[in-house]
Each structure stands twice: as structure tokens, then as C-alpha cells.
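Contents: one structure, followed by commentary.
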Amino acid sequence: MRVMVLGKATEGNNGEPPTKEAFAAMDRFIEELVKAGVLVAGAGLKAGAEAKRITIDGDKRTIIDGPFAETRELVAGFQIWEVKDMDEALAWLKRYPAMPGKNEIELRPFMEAADLADYVTPEELATPREGERGKLGVA
């Protein structure tokens, strides 16, 4: 199963560069994930001051420039992991290095083909996607 690991921004961690020690700890952890075949992708995100937010209401699109007032609504970074189940993902998260300040991480499973059974026929589910979309595993 694939899971998205979302590092949430907090008052002490809003996209600011980590300390050298915190960066080194995260680098070691990521290397462990790679060696275990768990890490699919991941990246840290820049501070909310450089972000844009787009709201969509029917045909109307509104662009809002960062920074945003509610830090807790921001994602500071992400990783995609391939694990056998949520228990394995939680075991990895218990080893996740802490960045300076309070840390909050959200773990969410991806929608997989079986979750789309109400929208797609079994034949469509059995047919792999072609091109880049298929390589990325996008349902």
C-alpha cells in the first residue's frame, strides 16, 4: 500500500531551513527508507511566504498569495512510502527524526484501484494505465 507522509508546518517549523543536526538526522532516516525500499518520493517545501493558494468555485478561480495566517494549515514537506500496511508505516513514523520545535505528521493512505470499484469497471481496473500516468501509479 502507498501512504503519503505529510510534515505539517507548526509555529516552530514553517518551512524555515532546519539546523545542520536536524538535516543530518533526516538525511540518515531517508537513507534507511531508501535501503528498505520504502521511499517512493519526497521533498521539503519552502516557507508559506512563497506559496499560492487557489480556490475553485464552479468556473471561478481565485489566487491567494502567501504567507497564510494559519500556519497549521500548511504542509512543510511530504514523502510517499510503499509499505505492506498502516502498522508498518506507523513503525517507520515512530523513528521519524524530529525537526526543531513541535512536529506534527499526518499519515494518509492513497486511494488504490480497489477503492475506485464504484466508479470504474473491473476491466478498466485490470488494465494498466499507459504512458507517464501508468509509470507514476496514478489511478
| Could you give the nm distance between label points at residue 93 and residue 46, where each point is 7 Å from its Cα heading toward the beta carbon? | 2.9 nm
| said: Can I get the semi-axes of the range 52-132's equivalent ellipsoid? Compute them from the C-alpha gyration tensor as square roots of 5 times the eigenvalues, in angstrom, largest first. | reply: 30, 26, 10
| request: Would you please give the residues with an amide H less than 5 Å from that of residue 105, counting only those at least 5 places away or on a separate chain, with H modeled from the backbone geometry? | output: 8
| query | Where does the chain land at 222 nm, in deg cm²/dmol rounded to the nearest 500, when only DSSP H runs of n ≥ 4 count, each adding -39500 (n - 2.57), divided by all residues? | reply | -7000 deg cm²/dmol
| For the chain, which longest stretch is free of loop sites, where a loop site is one of the GluC sites (Glu not before Pro) that DSSP puts outside H, G, I, E and B and that has at most 11 other Cβ atoms within 10 Å? | 71-129
| Accessible area expressed per residue, the chain, with surrounding protein chains retained (probe 1.4 Å, Å²) | 71 Å²
| message | Once you keep just the Cα pairs under 8 angstrom separated by 6 or more residues, what percentage relative contact order results for the chain? | response | 41 percent
| Which aspartates and glutamates, on any chain, are close to residue 20 with Cα under 17 Å apart, when same-chain ones fewer than 8 places away are left out? | 31
| FRET efficiency, 1/(1 + (r/R0)^6) with R0 30 Å, evaluated for residue 69 and residue 125 via beta carbons | 0.10
| remark: In whole percent, the fraction of accessible protein surface over the chain that belongs to carbon or sulfur atoms, probe radius 1.4 Å, stands at 55 percent
| Partners for residue 52 among lysines (Cα-Cα distance below 20 Å; same-chain residues under 8 apart left out) | 8, 60
| task | Return, for the Cα atoms of the range 2-110, the radius of gyration and Dmax in Å, separated by a comma. | result | 15.4, 47
| task | Figure the gain on full extension for residue 34 and residue 105 (residue separation times 0.36 nm, minus the Cα-Cα span) and round it to one decimal in nm. | result | 23.6 nm
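The values are calculated or read from the model by the stated rules, or taken from the named source; none is laboratory data. Everything numeric in this text was worked out from a predicted model, so none of it was measured. Positions of Cβ are backbone-derived with ideal geometry, glycine not excepted, and every protein chain shown enters the neighbour counts. Accessible surface areas use protein heavy atoms only, side chains included; no ligands, DNA or RNA. Shrake-Rupley method; radii C 1.70, N 1.55, O 1.52, S 1.80 Å.
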